[in-house]
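The values are calculated or read from the model by the stated rules, or taken from the named source; none is laboratory data. Note that the structure is a prediction, hence the values are computed from the model and not measured. Reconstructed Cβ throughout: ideal geometry from the backbone, glycine too, with neighbour counts over all protein chains shown. With ligands, DNA and RNA removed, areas are computed over all heavy atoms of the protein, side chains included. Shrake-Rupley method; radii C 1.70, N 1.55, O 1.52, S 1.80 Å.
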Amino acid sequence: AIIGARNCSVYGQEIALFFSKILAGCGIQIISGMARGIDGYAHKGALTANGYTCAVLGFGIDICYPKEHIRLKQEISQCGCIMTEYSFGTPGMSHNFPARNRLIAGISDAVLVVEAAKRSGTLITAEFALEQGKMIYAVPGRIGDGLSAGCNELIRDGAKIVCDPDDILSEFSLKLKQNAPIKQNQKNK
């Protein structure tokens, strides 16, 4: 899973896209919650790499929240998976999301936290993952930055610090796929 803040920074967006694109390109399935922010960028990165992504919803399958993710939801449904434990018409109520976070942790082998405030749903997912014996990875951030406080706290408490997708790939005995060499006739075009 790749998870993080809804109100993420541009840096967080770039990191989520970069990591999900590389990991998905190496065959790792990307799981997230299709929320605004890091979740959405994690799904987009996986789709960009023609990888597999799974969106776990905290509402009915017939609802799209946030509304601006309607196209993203359609793309995921065509080449990935959308799942929910809620019936049709169930709105996205705040009490639904911790249960959704439990599912994200449950179907993931590991969890990467890109950005998280000190008190956030992201950290709820990380707690569920720890309870389930999953590995937690966290991207470090600047001291004093509110969106980095949760990640830095996770690292202080034992999460593995990641600065490059290879930090995760090596844990799963995978190697970074190299770009195919450019043929001579392609260079001259």
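Below, the figures for the structure above:
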| item | result |
| --- | --- |
| Whole-percent carbon and sulfur share, accessible surface of the chain, 1.4 Å | 53 percent |
| 29 Å Cα-Cα threshold exceeded, pairs from 67/118; 67/177; 134/175; 21/134; 134/177 | 67/177 |
| For the range 30-155, accessible area per residue (1.4 Å probe, heavy atoms of protein chains only), Å² | 45 Å² |
| Candidate values (i) 59, 42, 35; (ii) 57, 40, 29; (iii) 60, 35, 30, label of the one derived for Cα extents along the principal axes in Å | (ii) |
| In the range 58-121, chymotrypsin sites (Phe, Trp or Tyr not before Pro) in a DSSP loop with at most 11 other beta-carbon atoms within 10 Å | 88 |
